[in-house]
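Engineer: Once you've had a glance at the structure underneath, I'll fire off some questions.
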Amino acid sequence: MQTAPIEPIDRQQSAPAAAPLENLGTIQRRKTRPVKVGNVTIGGGYPVVVQSMINEDTLDIDGAVAGIRRLHEIGCEIMRVTVPSMAHARALAEIRTKLQRTYVNVPLVADVHHNGMKIALEVAKHVDKVRINPGLYVFEKPKDDRTEYTQAEFDEIGDKIRETLKPLVLSLKEQGKAMRIGVNHGSLAERMLFTYGDTPQGMVESALEFIRICEELDFRNLVISLKASRVPVMIAAYQLMARRMDQLGMDYPLHLGVTEAGDGEYGRIKSTAGIATLLAQGIGDTIRVSLTEAPEKEIPVCYGILQALGLRKTMVEYVACPSCGRTLFNLEEVLHKVRSATAHLTGLDIAVMGCIVNGPGEMADADYGYVGKTPGVISLYRGKEEIKRVPEEDGVAELIALIKDDDRWVEP
């Protein structure tokens, strides 16, 4: 269940003021409007929302429902599905009905590409948000011999976009639903490429064109994304978008992601480099880590990023020294034992320190500490206070007993 909003702090990204002393060490998030997606709110100071996307074919009703449920049960709060055809769009009605009947009403987002007005209008009846890609929503036939776009040509396509987008905007507005304007660096429209180049500016202007159409129709339930597979491009695009929105008096929440990040360790590092950099600057209201793996593998990375930045606390925070010649026990082995015994808990900070030299100081903010005092002896701490010394072989059991004494233990 989503918690209450954290009071947002207004900050101009283009010229950030020095943070008050009492706010040092905490991230001051950019102020954005709240956008409801089903029973989840993006922006408005609410906690950063975790998203993913099922890889089952939407026509497979049972498979799609199972995929959505698996992701939701491990913490994914908003689910995206692809709808490449009208049949897929209609299938969302059955998927939603089955979720309501057999599980819960999970917030759903439909991905619409390639001349998708009819598909988008149909699927808007069955989901909570529709995601469109400005570079693909209206097809622009490339010309091999083109050297420029005239203003008349540019405006003509703009008018066609407005005509095509208007019915969807009005439908979503009437239903109280949301839209994500999702720009991708790799699929910018040809006229944007000719006008602005293959640049973050082209991405931002592409998003702004669609935002302005929505605003003309008094529709502001918008979330914006500007994804790229290259981290520096992705960061620059979001930073520029935040500055431009501040200049224009816009406050739309931003969905962060590094698209096509790959798999394995590098895919996780690449996603973290982009997403965490922006979140640390206060930019971003919802995230997706896009891995070439089962979508269930994305959720732990999302929560790891948010936990590391202090934006959400969904697991135990472990503080552990890297080990050195002073370490009085096998630190890696003991940390593994402590983690195995306590990883199911939430909201705790537990420190595992190899010796008394740095232990009490470095773990001062931890709820509990496990410190090598002398060979074969462990000191257990509650905060900064040493509670007891126990034989090393009893250390983990005694730590659990201490947590139980404080009524902070739950069974796995």
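The values are calculated or read from the model by the stated rules, or taken from the named source; none is laboratory data. Since this is a predicted model, take the numbers as computed values, not measurements. We place every Cβ from the backbone using ideal geometry, glycine too, and count neighbours over all the protein chains shown.
Engineer: From the list THR199, THR259, THR292, exactly one residue is in contact with a Ser or Thr (Cβ under 6 Å, 6 or more places away or on another chain) and more than 19 Å from ILE27 (Cα to Cα). Which is it? Before the answer, list the steps.
Structural biologist: Working: THR199 fails: in contact with a Ser or Thr (Cβ under 6 Å, 6 or more places away or on another chain); THR292 fails: in contact with a Ser or Thr (Cβ under 6 Å, 6 or more places away or on another chain).
Answer to the selection: THR259.
Engineer: Could I ask something else about it? Here are the criteria: (1) farther than 18 Å from ILE211 by Cβ; (2) within 23 Å of the chain's Cα centre (by Cα); (3) at pLDDT below 95; (4) not hydroxyl-bearing (Ser, Thr, Tyr). Tell me which single one VAL112 does not satisfy.
Structural biologist: (1)
Engineer: Quickly run through segment 164-190 and pick out the residues that are touching a Lys or Arg at 6+ places or on another chain (Cβ under 9 Å), buried (at least 21 other Cβ atoms within 10 Å of the Cβ) and more than 26 Å from VAL258 (Cα to Cα).
Structural biologist: Once the filter is applied, which keeps residues that are touching a Lys or Arg at 6+ places or on another chain (Cβ under 9 Å), buried (at least 21 other Cβ atoms within 10 Å of the Cβ) and more than 26 Å from VAL258 (Cα to Cα), segment 164-190 yields only LEU172.
Engineer: Let me ask you something else. Identify all residues within segment 218-246 that are touching a His at 6+ places or on another chain (Cβ under 6 Å), among the small types (Gly, Ala, Ser) and either within 29 Å of GLY176 (Cα to Cα) or surrounded by fewer than 21 Cβ atoms within 10 Å (Cβ to Cβ) (or both); write none if there are none. Please lay out each step first, then the result.
Structural biologist: Applying the first criterion (touching a His at 6+ places or on another chain (Cβ under 6 Å)) to segment 218-246 yields 223, 225, 228, 233.
Pick out the ones that are also among the small types (Gly, Ala, Ser) and you get 225, 228.
Correct list: SER225 only.
Engineer: Is it the case, given these coordinates, that LEU402 is modelled with pLDDT of 90 or more, over 30 Å from the mean Cα position of the chain (by Cα), farther than 21 Å from THR314 by Cβ and not in a strand (DSSP E or B)? Reasoning before the result, please.
Structural biologist: Numbers: modelled with pLDDT of 90 or more: yes; over 30 Å from the mean Cα position of the chain (by Cα): yes; farther than 21 Å from THR314 by Cβ: yes; not in a strand (DSSP E or B): yes.
When the stated conditions are applied, LEU402 passes them.
Engineer: With the structure loaded, tell me whether ARG312 is in contact with a Phe, Trp or Tyr (Cβ under 8 Å, 6 or more places away or on another chain) and of a type in the set (Lys, Arg) or whether it fails that test.
Structural biologist: Values: in contact with a Phe, Trp or Tyr (Cβ under 8 Å, 6 or more places away or on another chain): yes; of a type in the set (Lys, Arg): yes.
The answer is yes for ARG312.
Engineer: If you don't mind, another one. Among the candidates LEU59, LEU92, LEU99, single out the residue that is surrounded by 22 or more Cβ atoms within 10 Å (Cβ to Cβ) and touching a residue at least 24 places away in the same chain (Cβ under 8 Å). Before you say what the answer is, go through the steps one by one.
Structural biologist: Working: LEU59 fails: surrounded by 22 or more Cβ atoms within 10 Å (Cβ to Cβ); LEU99 fails: surrounded by 22 or more Cβ atoms within 10 Å (Cβ to Cβ).
The unique qualifying residue is LEU92.
Engineer: Here is a follow-up. Any idea which of ALA152, ALA110 is part of a strand (DSSP E or B), of a type in the set (A, V, I, L, M, F, W, C) and under 26 Å from VAL204 (Cβ atoms)? Quick ask: steps written out before the conclusion?
Structural biologist: Numbers: ALA152 fails: part of a strand (DSSP E or B).
Being part of a strand (DSSP E or B), of a type in the set (A, V, I, L, M, F, W, C) and under 26 Å from VAL204 (Cβ atoms) holds for just one of ALA152, ALA110, which is ALA110.
Engineer: Looking at (1) over 27 Å from ILE68 (Cβ atoms); (2) in a strand (DSSP E or B); (3) of a type in the set (A, V, I, L, M), can you tell me which one ILE181 breaks?
Structural biologist: Here ILE181 meets the rest and fails (1).
Engineer: Let me ask another. Testing GLY310 on (1) surrounded by 19 or more Cβ atoms within 10 Å (Cβ to Cβ); (2) at positive phi; (3) of a type outside the set (Lys, Arg), one condition comes back false. Which one is that?
Structural biologist: (1)
Engineer: Is segment 44-58 home to any residue that is of a type in the set (Asp, Glu) and farther than 15 Å from ASP111 by Cα?
Structural biologist: Start the filter on segment 44-58 by keeping residues that are of a type in the set (Asp, Glu), which leaves 56-57.
Applying the additional criterion that residues be farther than 15 Å from ASP111 by Cα yields none.
No, there is no match, as no residue in segment 44-58 is of a type in the set (Asp, Glu) and farther than 15 Å from ASP111 by Cα.
Engineer: Moving on to the next point. Before we move on, is HIS126 over 19 Å from ILE224 (Cα atoms), of a type outside the set (Val, Ile, Thr) and touching a residue at least 24 places away in the same chain (Cβ under 8 Å)?
Structural biologist: Numbers: over 19 Å from ILE224 (Cα atoms): yes; of a type outside the set (Val, Ile, Thr): yes; touching a residue at least 24 places away in the same chain (Cβ under 8 Å): yes.
Yes, satisfied.
Engineer: So SER290 ticks every box in (1) in contact with a strand residue (DSSP E or B) (Cβ under 8 Å, 6 or more places away or on another chain); (2) modelled with pLDDT of 95 or more but one. Which box is left unticked?
Structural biologist: All conditions are met except number (2).
Engineer: To continue, here is another question. Suppose we filter GLY264, GLY197 for residues that are over 22 Å from PRO300 (Cα atoms), assigned by TED's automatic domain parsing to the domain that holds HIS113 and out of contact with any helix residue (DSSP H, G or I) (no Cβ under 9 Å at 6 or more places or on another chain); which single one remains? Before you say what the answer is, go through the steps one by one.
Structural biologist: Working: GLY264 fails: over 22 Å from PRO300 (Cα atoms).
Result: GLY197 is the single residue among GLY264, GLY197 that is over 22 Å from PRO300 (Cα atoms), assigned by TED's automatic domain parsing to the domain that holds HIS113 and out of contact with any helix residue (DSSP H, G or I) (no Cβ under 9 Å at 6 or more places or on another chain).
Engineer: Looking for whichever is touching a Pro at 6+ places or on another chain (Cβ under 8 Å) and not in a loop (DSSP other than H, G, I, E, B) here; the options are THR41, THR97. Which one fits? First the steps, then the outcome.
Structural biologist: Numbers: THR97 fails: touching a Pro at 6+ places or on another chain (Cβ under 8 Å).
On inspection, the qualifying residue turns out to be THR41.
Engineer: Now, a different point. Quick check on this structure: which one of ASP246, ASP285 is at pLDDT 95 or above, within 19 Å of ILE132 (Cβ to Cβ) and touching a Ser or Thr at 6+ places or on another chain (Cβ under 8 Å)?
Structural biologist: On the way: ASP246 fails: within 19 Å of ILE132 (Cβ to Cβ).
On inspection, the qualifying residue turns out to be ASP285.
Engineer: Still on this structure, please answer the following. Of everything in segment 198-224, what is β-branched (Val, Ile, Thr) and assigned to a helix (DSSP H, G or I)? Give them in sequence order.
Structural biologist: Step one: filter segment 198-224 for residues β-branched (Val, Ile, Thr), giving 199, 204, 211, 213, 223-224.
Of everything in segment 198-224, those that are β-branched (Val, Ile, Thr) and assigned to a helix (DSSP H, G or I) turn out to be VAL204, ILE211, ILE213.
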